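Written out below as C-alpha cells is the structure these notes cover.
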Amino acid sequence: MAMHTIKLTVNGEPHEATVESRLLLVHLLRENLRLTGTHIGCDTTHCGACTILFDGQPVKSCTVLAVQADGRQLITVEGLEKDNKLSAIQDGFYQEHGLQCGYCTPGMMITGTALLERNNSPSELEIREAISGNLCRCTGYVNIVKAIQHAARATKQETP
Amino acid sequence: MKIDTTPEVSGMGHSMKRKEDPRFIRGKGNYVDDIQLPGMLYMDIVRSPFAHAKIKSINTEKALKIPGVLAVITGETLAKYNLHWMPTLMSDTQMVLPVEKVVYQSQEVAAVIATSRYIAADGVDAVEVDYEPLPVVVDPFKALEPGATVIRTDKKDKKDNHIFHWEVGDRAATEKAFAEAEVVVKQDCYIPRIHVASIETCGCIADFDRVNGKLTVYMTTQAPHAIRTVFALVAGHVGLSEERIRIISPDIGGGFGGKVPVYPGYVIATAASVVIGKPIKWIEDRMENLQADSFARDYWMKAELAAKKDGTITALRIKTLADHGCADAAANPSKFPAGLFSICTGSYDIKHAFAEVDGAYTNKPPGGVAYRCSFRVTEAVHMIERVTDILAQQLKMDPAELRLKNFIPKEKFPYQSALGWEYDSGDYARALKLAMERIGYPALRKEQAEKRARGELMGIGISSFTEIVGAGPSKHFDILGIKMFDSAEIRIHPTGKAIARFGTKSQGQGHETTYAQIIAEELGIPASAVQIEEGDTDTAPYGLGTYASRSTPTAGAAGAMAARKIREKAKKIAAHLLEVSPEDLVWETGKFSVRGAPQRSKTIQEIAFAAYTNHPQGMEAGLEAVCYYDPPNLTFPFGSYICVVDIDRGTGQVKIRRFMAVDDCGNIINPMIVDGQIHGGLSMGMAPALMEEISYDENGNVQGGSFMDYLVPTAMETPSWETDKTVTPSPHHPFGAKGVGESATVGAPPAIVNAVVDALSHLGVTHVEIPMTPERVWRILKEKGVAE
C-alpha cells in the first residue's frame, strides 16, 4: 500500500503524518492525532458526527481521505475553545441543554459554528437547514436550534 | 411543585445545568471507540449475504496470508470451548458464530483479528465462505403454517416456528361483553420493525490480562452488571469467574434499548482476547448496526372494542402475532414474554379485557428489544388509541369527548385494571383539558371545517396514553432470574462533599446531574459537590441498568433512601454534638437544629466532619449508606398529546404543523432535563409514524440497512415540539416521581396517525398503517380520487 507524507494544521498546530492512501481523515484525527472529539456514526455521510472545519467549510471527515487534507487548515471540536474560554456555540449548547448523550454534539457545534460565520442572525428555518446533515437521536433538535440562536445572540453582542 | 432548596443546593425542581456537559462540549467525552489500549488489536466480522443457508465450508487461508491478520475465528473455533451459542435475555438461545447454518442476513459468520481496522477489513474480504441457500421464512403468519420450513433445527424437539403463547384477562367475561355490545369496532394494525439507531453504534474492547486472569470489557451497554453475570454464567466453564470480570460502560452515545442485549461481537472479541492475550477492539459500522443488531416492534395486532351507543367502552379484545426473528431476544422480564403489553386497556375504565400474543421465528435478526419504550408498551398504546378513535369516528363523537367519557376517573386511583395492573395515580382529564386549552382545540376544529370546505386536508389527532415503567417489583420482575431492583451507594467525605454510585447507566439521560439533585434534596449538600459514578462493575453497587424508564423509579429511589439512612445517622451525630436527644432535633434542608432553639444547629457539613473526627462512642465512624431499592409497584406516567397535520393533496406528504404534549411524570427532579427527554421522545415517536421501517423482501434481504434507506428524522422533518405538564405524584415512590424518558415515544405515534386519519376521515378513511410515508398516503388519496 502506497504511503504518503502529508502536512496539515489542526486547531492551529502543525502536524506531519505518513499515511496509507486509503486512510480516512476521521481516522487520522481520532487515531493518529488522538483527537477523539470527532465521532463516527455512519458509513454513508448521513449522520454528521464527524463534521470538522476544512479550510473553514464544514466537511464530513468520514468521507475525506487523509491525503486530501495535505496543506489544509482543520478545526475540530477540540479547537473551539480559545484561551480557556468556551466559544459562543459551546456556551449556547451548555446553556440551552442542546445535548444529551453528547455523541452528535461535536459535529453539531462545528456545523453551527460554520453557519454563524456566514450568517450571524439565522432564522429558525436557516438553522434547521444548516444542521439537516447532522442527525441527533436524543434532543428532537428543539434545544439545538435554541443553542445556535443563543450563540447567534452572543456573537452579535461581541461583534456589533 | 414546591421547590425547597436554593439554587446553590439545587435539589428537586431546579433546572440545574448538566454536570456532564463540560466534557461533552469540549469533545472530551470518553466513548468506547475513544479508548486505545497498548497493543490493542482490531476485530472485524464476516457476515452472511443469505437469510437462511447451510455453511458448507469456510476457507480462511487467503485471509491469514495478509500481513497483519493474526487470526480468523469461526464457529468451529468457539465450539471447542462450547462458546458458539449463548443465551438471550429471554432464556432462548442465539448463535455467537454458526457451525452448521445461518438464519438471517448479515449474521456473524467469522471474525478476523488484525493489527489495524483496515487490515481486519481486508481480512474479512478474503475469507471465503461456501453457502448452500435454504428456503427462507420471512412472513410470521406463513412461519406458523403447517409444513413451514423449520428455522430452529438446533432445537431437538422443535418441529415448528412457534415460540410462545401468552394470554391475560378473563376470556369468557370478555366474550360475553362483546356478545352484549351495542357497538363493536375492529381494526388490524401492524407496527413495523424499527431500529433505535443510536448515533453511536455498538462495540467493545475486551482486555484479558493473562497474568491476573482478569477480564476487563469496555462495552456499550445499558446494563453492565447484568452483562457481567451473563458472562460469568456463559463462560464459567472456561474459567471466567465473576470476580475476575469487570465490565466498564463508559460514556454511551445513545442507547434506547438497543444496548441492552449481549451481541455476538462482544462474545467473540472476549473469546479472542482470552485466547490471544491482547486487548481487542470491535466497533460496528452503521450497516452492521442496522442489519444485525436486535430490532424492536414487529407486532401484528387485531383489536376489537365493544361499547354502548353513548360511547361507554365495555370491553377490549386483542390478538397479536409477534415476529421475533431467529431468536426470542426480547429484553423482557422473564415472566412476561409479551412484555407489559397488558397495559393495552390504556387510560380507560374498561371492565372486561382479554389479550393474547403468540411469538414466531422468522429468518430475521433477533427481535424484541425496545425502541425507547418500556417492554411492548408502545404497541399496546398504539392499538388502544387507534381503536378508541375508530369508535369515536363510528359514533360520530368528538375523540376528545369520547376519551373524557371513558377515562379512569381520578377518584378511582389506585386503580385495578382488567388485565391485572394497579395504576398508582392519575388525573387524565386534567392533562387532556390542558392540552386542548394550550393548542386551542375548538378553534382548530373550526379551522378544519373551513379548510375541508375548501378541499384542504387538515387533521387533528389526540392520544391520551398511560405508560407502565420502573420495573420491579422484584416479586414479579426478573431478567434471567436476577431480580429487578436497583441500587445506590453514597459516601459523605469529611469535608461534607459526596460521591455516589448507582447500578444504572446513563446514555444521555443526565444521571450525573439528576442523581446529584436527589441527594442534594435529601441531604442539603449542593448537587455540584456530589459526584456521581455509574457503569463500572468493580465499583458500583449491583443493579439491573437503565432501560424501560426505570432509573428514577428504581435507582433514583435507592439514592433517596440511602440518603435518608445517612440522615438518620447524621441526626445521632448532631444530637451528640449538640448534647440533646435525637428526638429534640428537627431537620430542614442541610441542617439539624434543636426544636424551639433554632440558633442551636449543626449543618450536614459539620456533622460529616464529626463523623470522621468526633463521632460518638459506640458508633461506627464514617457517613455512608447503601440501598437496594425494590419498588412496591411500577409507576404509571401519562399524558395527552394533540397533533395538527396538513397533508399535501398532490404528494401525500404529511406535515406536522403543531404538536402539543402535556406530560405527567409526577414530581420532577430537573424540569430542563425532563423537557429535553420529551422532545427527544416525541421525535422518536414521530420517526416510526412517518419515516422509519426495516422490511425484508421474500428472500430475507433487508431493506433499510443503512442511513441511505433507513430514514432517521433530521431537523427539517421534526417540528418545534410544544410541551406542558401536570404533576400527579406517585404515591409509592420515595419522592413522588415516575419515569419519563419514553412517555413521548409511546404517546406520539397514535396522535400522529389519528391526525392523519382525521384529515382523511371525510373520505371514508378509518385507519392508516405506519410509517405514513408520502407514497402510502398518496396511494390512499389516489384511491379516494383526491390525488392526481
TODO: Take peptides B:92-100, B:651-659 and line them up by average Cβ neighbours within 10 Å, highest first, as a rough protection proxy.
DONE: B:92-100, B:651-659
Open item on the list: Compute accessible area for the stretch A:115-160 by itself and then with all protein chains, 1.4 Å probe, and report residues whose area falls by 30 Å² or more.
Closed with: A:R128, A:S132, A:L135, A:R137, A:C138, A:G140, A:Y141, A:V142
Open item on the list: Let me cross-check B:W300: its accessible surface, 1.4 Å probe, with only protein heavy atoms counted, in Å² to the nearest 10?
Closed with: 80
Task: Nearest-0.05 FRET efficiency for B:E8 and B:D709, computed from C-beta distance (R0 51 Å) - done: 0.50
Task: Near-label residues of the stretch B:625-659 by backbone N, under 17 Å of a point 7 Å along Cα→Cβ of B:Q416 - done: B:633-634
- [ ] Report the extension gain between B:D188 and B:V211 in nm, rounded to one decimal, defined as 0.36 nm multiplied by the number of residues separating them, less their alpha carbon distance.
- [x] 2.3 nm
Task: In Å², nearest 10: area of B:K155 left accessible to a 1.4 Å probe - done: 60
Open item on the list: I'd like the mean, over residues of B:680-686, of how many other protein chain beta carbons sit within 10 Å of each residue's own Cβ.
Closed with: 4
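In a shell of Cβ-Cβ distance under 12 Å around B:E583, excluding B:E583 itself, what net charge do Lys and Arg (+1) and Asp and Glu (-1) give?
Neighbour charge sum, excluding B:E583 itself: +2.
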Task: Pairs of Lys in the stretch B:270-383 closer than 30 Å at Cα, counting only those 8 or more apart or on different chains - done: 14
Open item on the list: As an exercise, use a Förster radius of 45 Å and the Cβ-Cβ distance of A:T44 and B:D398 to find the FRET efficiency, rounded to the nearest 0.05.
Closed with: 0.50
Task: Buried on assembly, the stretch A:40-83 (at least 10 Å² less accessible surface than by itself, 1.4 Å probe) - done: A:I40, A:G41, A:C42, A:D43, A:T44, A:H46, A:C47, A:V77, A:E78, A:E81
TODO: Mind jotting down the distance between the C-alpha centroids of the stretch B:25-78 and the stretch B:416-448, whole Å?
DONE: 51
Open item on the list: If I fit a long axis through the Cα atoms of helix A:142-158 and take the longest principal axis of the Cα atoms of chain A, what angle between them do I get, 0 to 90°, rounded to 10?
Closed with: 90
Task: Added length on full extension, which subtracts the Cα-Cα distance from 0.36 nm per residue, B:E175 to B:T93 - done: 25.8 nm
Open item on the list: Can you order the peptides B:17-25, B:372-380, B:314-322 by their average number of other Cβ atoms within 10 Å per residue, highest first?
Closed with: B:372-380, B:314-322, B:17-25
- [ ] Please find the FRET efficiency linking B:K159 to B:E132, where r is the Cβ-Cβ separation and R0 is fixed at 22 Å, and quote it to the nearest 0.05.
- [x] 0.50
Task: Total accessible surface hidden between B and A, rounded to 100 Å², 1.4 Å probe - done: 4500
Open item on the list: Can you work out the Karplus-derived ³J(HN,Hα) for every residue in the stretch B:53-59? Use 6.51 cos²θ - 1.76 cosθ + 1.60 with θ = phi - 60°, whole Hz, and x for glycine or proline.
Closed with: 7, 6, 9, 7, 7, 10, 9
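With a 1.4 Å probe and every protein chain left in place, work out the accessible area per residue of chain A in Å², rounded to a whole number.
40
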- [ ] Please calculate the 1.4 Å probe accessible area of B:D170, with all protein chains present, and give it to the nearest 10 Å².
- [x] 90
Task: B:K28 paired with B:S720, simple spin-label distance in nm, labels 7 Å along Cα-to-beta-carbon - done: 3.4
Task: For the stretch B:219-343: accessible area per residue (Å², 1.4 Å) - done: 23
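Rounding to the nearest 20 debye, state how big the charge dipole of the protein assembly as shown is about its Cα centre with +1 on each Lys and Arg Cβ and -1 on each Asp and Glu Cβ.
My answer is approximately 1000 debye.
Which order do the peptides A:21-34, B:55-68, B:514-527 come out in when sorted by mean C-beta neighbours inside 10 angstrom, highest first? Mind dumping the intermediate values first?
Details: A:21-34: 19.1, B:55-68: 14.6, B:514-527: 27.2.
Output ranking for A:21-34, B:55-68, B:514-527: B:514-527, A:21-34, B:55-68.
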Task: Protein accessible area in the protein assembly as shown, 1.4 Å probe - carbon and sulfur % - done: 50
Task: Cβ-based net charge around B:A562, under 12 Å, with every Lys or Arg adding one and every Asp or Glu removing one - done: +1
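The values are calculated or read from the model by the stated rules, or taken from the named source; none is laboratory data. What you are looking at is a predicted structure, and each value in this text was computed from that prediction instead of being measured. No Cβ is skipped: glycine too gets one built from the backbone with ideal geometry, and neighbour counts run over all protein chains shown. Surface accessibility is based on the protein's heavy atoms, side chains included, excluding ligands, DNA and RNA. Shrake-Rupley method; radii C 1.70, N 1.55, O 1.52, S 1.80 Å.
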